Amino acid sequence: MSVPAPAGCALIPQLAEDPLKTSCKLWTGVARTTGSSPDQQGHRGNLYRGLRLLYTHSRAYGQVPSSVMGRRNRRNRKRDQRPAVQRTPEEEEERRKAREQAAWESGYAEIIKENQLFEQYYQELKIVPEGEWEQFMSAMREPLPSTIRITGYKSHAREILHCLKEKYFKELQNIEVDGQKIEAPQPLHWYPDELAWHTNLSRKIIRKSPELEKFHQFLISETESGNISRQEAVSMIPPVLLNVQPHHKILDMCAAPGSKTKQLIEMLHADMDIPFPEGFVIANDVDNKRCYLLVHQAKRLNSPCVMVVNHDASSIPRLLVENNGVREVLFYDRILCDVPCSGDGTMRKNIDVWKKWTTLNSLQLHGLQIRIATRGVEQLAEGGRMVYSTCSLNPIEDEAVIASLLEKSEGSLELADVSLELPGLKWMPGITNWRVMTKEGQWFDKWEDVPTSRHTQIRPTMFPRDEMKTKEMNLHRCLRILPHHQNTGGFFVAVLIKKAPMPWNRRQPKVLRRAPAAVPDVQVAADVAKDVTETVSEPAVVTDDVENKDTKPASCVEKDSVKKDSVCGPPPSKKMKLFGFKEDPFVFLSVDDPIFPPIQKFYALDPSFPKHNLLTRTQEGKKKQLYMVSKELRNVLLHNSEKMKVINTGIKVLCRNNDGEQYGCAYRLAQEGIYTIYPFIKSRVVTVSVDDIKVLLTQENPFLSKFSKETQKQTKDLVMGSIILKYEPDPQKPDTLQCPIVLCGWRGKTSIRSFVPKNERMHYLRMMGVEIFKNKEGTEKTSAEPDAAVDQQDSEDMDIGCMKEEQQELLSGDGDLEPENVDGSDASDKKHDDASVSTEESTANGTNSENH
């Protein structure tokens, strides 16, 4: 039976008479038309269009044979013909729970935690003490316990510790999950001040168990606020051994995902009374995407002394800084060299390693690890300390790399004895003899035994040195942490101290060997170069142009900076190949920038305020966000814009709002930078009580009448605009909150509101005894202890509104990747129009300007 052809089917004459019978001919034509000429491609396109018309026409008439319709269409037709089942909401909820339970119970196919090559290799190397092999393997097969670390530099770290010990840890003692009684969390005895704790709870149990819901939400909220870090215990060791002081210049060579970087930042800010420590942290990673994860971690600590850069660690550029009018090479006081490794010490949490492990991984990474470590010691200052670490137990990645560094240093490096620096930590000394094994299981005792065909895979540096050299190296000072000793992961750490420049940096640079030219300022340049050489050793292979540029006098530097208008942009593509996202430039405010005087007048900034350290991320148009960096990082930025790719630096301190201009200042304060800028502000500071803090954090726009009389008196004469709300603890009342709080707020005609991120609000309320948690329906509930009750209205107002400007900032690319990093300050959410704030800054870019 013929079916009328649809409109447009005449494009292909073969389909005009009977589309159903010509389908096979069409497919045959498609198969035969395989050429790439324009005519053949056009013919093949006509055939495909005809087939589409055929199917559309045939389905419309309900005459689709199974051979044409296909398996998927038959399934869809059967599904459409199936009668719909009506279920109640209760039944749907039960089905959902049943599916979730089935998913938890089934999960992925269980990975067998066996690897014969792994056991053969490490039994032969004897890194595990005799008689402890079974304990070692048993521990490797057990899940890794959860470990949390309390942020040490926060002034309220003691309050968080008190909250954990007196509330959450006590509640965990009487809970059973799947018939297993939960052990009370214990502190890591070797970590200072009881700021690190571990428990037998795995992450899966914490997420899964309803009994631990409050504890889980507490961990998530405090982690997002930067007050708690969930970090593996052995991962905390390298930063502690670095012995960081606030004045140290620190380089983290392979920093992502950033847990160790956070520790370094905490140590830098050990004294919270100093907003700008003299030191800084430069965190580097080769992976552009992981750099943004690194930014996400570092930004939680709100430090102006952090810079995230994107480079290959084995060739990270040598940076320049200006010192006493001369550009000189920057050397670091502390370097963390946590290199990429095979990761067999992480088998307890990364169970894929069990089936993927082979000695080939270590053999391939050995060269890269040596190159990264070598570049690290080259940039280490004399007397400085570098920590080399891996999460591998393999001596090819551990002792062999350290031995290679010590050998080529010719006495410039030495292994430090740190056995007494972490009392309570159990560790094994480094080994002095080991063998090399291929992935096929073939062993080699020395380099001479390796056949020529293996020379590209196995290198001389992988083997131990002779007995006398090995003894001089003191490899026993290395630390190897075994999992069964303290229920941790496997880890390796070595601490190197630089006593003199590396041998290849001791030769005289070409600029000094070159005959002087007949130019008046040649002698000055030579003197400058001599200065640099005495304090900073340059390799002899550096070109003359580079040497002259590195020793440019301050006058030239000043002219360059004026010429660039204080702009630090990404390096030119000709000099360095860039990957990933293109970053916006870092533009420092000029001396005569007209936006600063109104800010200085409105907030009565102290004359010592470092206005030269303010920067923005735009060269044209209005400056919507102002960021602050330390003086030292400004120095690095201005003199290295052509050498490095900066992903992120600075902390946001001021945000623009147009409506503020009518009150005297177009910029309001930002909460994330409040602790940085607060010490310089002499006006618009309101001292509040604990009850006032509760009102501010639990109500959206509380009227002035809800605050204490003292607070009302202080705000009576203040004009509308941004203010600081400060709480000072009373030592005479030990039962009250004993840590200071500084909040960013807005003074309206009849109300005051706080601009505080949601997680930070929840944190402060917890410290005051008010517990906020989400139930299964996703709504928030507030529960208070007897001494910290909050009225019902406050609880209802606990739905903290997220301002649109900050939500859009997250979407448009602040780069922080913070899921709830928002201030509650949207003008459209305000209940009182007197406290209106313009949301012009809603589309502003953050310091990390790209969309992620």
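Listing for the model above:
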| item | result |
| --- | --- |
| Tally, over region 307-323, of residues that are open to solvent by less than 10 Å² (accessible area, probe 1.4 Å) and within 25 Å of L626 (Cα to Cα) | 3 |
| The one condition in (1) in contact (Cβ under 8 Å) with a residue 60 or more places away in the chain; (2) touching a helix residue (DSSP H, G or I) at 6+ places or on another chain (Cβ under 8 Å); (3) open to solvent by less than 20 Å² (accessible area, probe 1.4 Å) that F588 fails to fulfil | (1) |
| Lone qualifier among K643, K694, K733, K726 - being of a type in the set (K, R) and in a helix (DSSP H, G or I) | K694 |
| Failed criterion for L293 (all others in (1) open to solvent by 20 Å² or more (accessible area, probe 1.4 Å); (2) at pLDDT 95 or above hold) | (2) |
| Any hit, region 234-249, residues being open to solvent by less than 20 Å² (accessible area, probe 1.4 Å), outside any helix (DSSP H, G or I) and at pLDDT 90 or above | yes |
| Extreme residue, nearest to the chain's Cα centre (by Cα), among residues of region 407-424 that are open to solvent by 20 Å² or more (accessible area, probe 1.4 Å) and closer than 18 Å to L241 by Cβ | E421 |
| Options P464, P423: the member that is within 30 Å of P143 (Cβ to Cβ) and either assigned to a strand (DSSP E or B) or not charged (D, E, K, R) (or both) | P423 |
| Qualifying residues in region 173-197 (those that are assigned to a strand (DSSP E or B) and open to solvent by 50 Å² or more (accessible area, probe 1.4 Å)) - the one nearest to I220 (Cα to Cα) | Q186 |
| Candidate set: region 649-670, residues that are touching a Ser or Thr at 6+ places or on another chain (Cβ under 8 Å) and in a helix (DSSP H, G or I); chosen: the one least open to solvent (accessible area, probe 1.4 Å) | G660 |
| Residues (touching a residue at least 12 places away in the same chain (Cβ under 8 Å) and surrounded by fewer than 17 Cβ atoms within 10 Å (Cβ to Cβ)) located in region 591-610 | V591, P598, K601, A604, D606, S608, P610 |
| Identity of the residue in region 250-268, touching a Phe, Trp or Tyr at 6+ places or on another chain (Cβ under 7 Å) and surrounded by 24 or more Cβ atoms within 10 Å (Cβ to Cβ), that ends up nearest to C739 (Cα to Cα) | I250 |
| Selected residue [more than 21 Å from R480 (Cα to Cα) and buried (at least 21 other Cβ atoms within 10 Å of the Cβ)] from R334, R348 | R334 |
| Residues satisfying the stated conditions in region 322-371, i.e. touching a residue at least 24 places away in the same chain (Cβ under 8 Å) and of a type in the set (V, I, T) | V326, V329, I335, V339, T346, I351, T358, T359, I370 |
| Verdict on L360 being in contact with a Leu (Cβ under 7 Å, 6 or more places away or on another chain), outside any loop (DSSP other than H, G, I, E, B) and not aromatic (F, W, Y) | no |
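The values are calculated or read from the model by the stated rules, or taken from the named source; none is laboratory data. Here the structure is a predicted model, which is why all the values come from computation and not from measurement. Cβ atoms come from the backbone with ideal geometry, glycine included; neighbour counts cover every protein chain shown. Note: accessible area is taken over every heavy atom of the protein model, side chains too, but ligands, DNA and RNA are not part of it. Shrake-Rupley method; radii C 1.70, N 1.55, O 1.52, S 1.80 Å.
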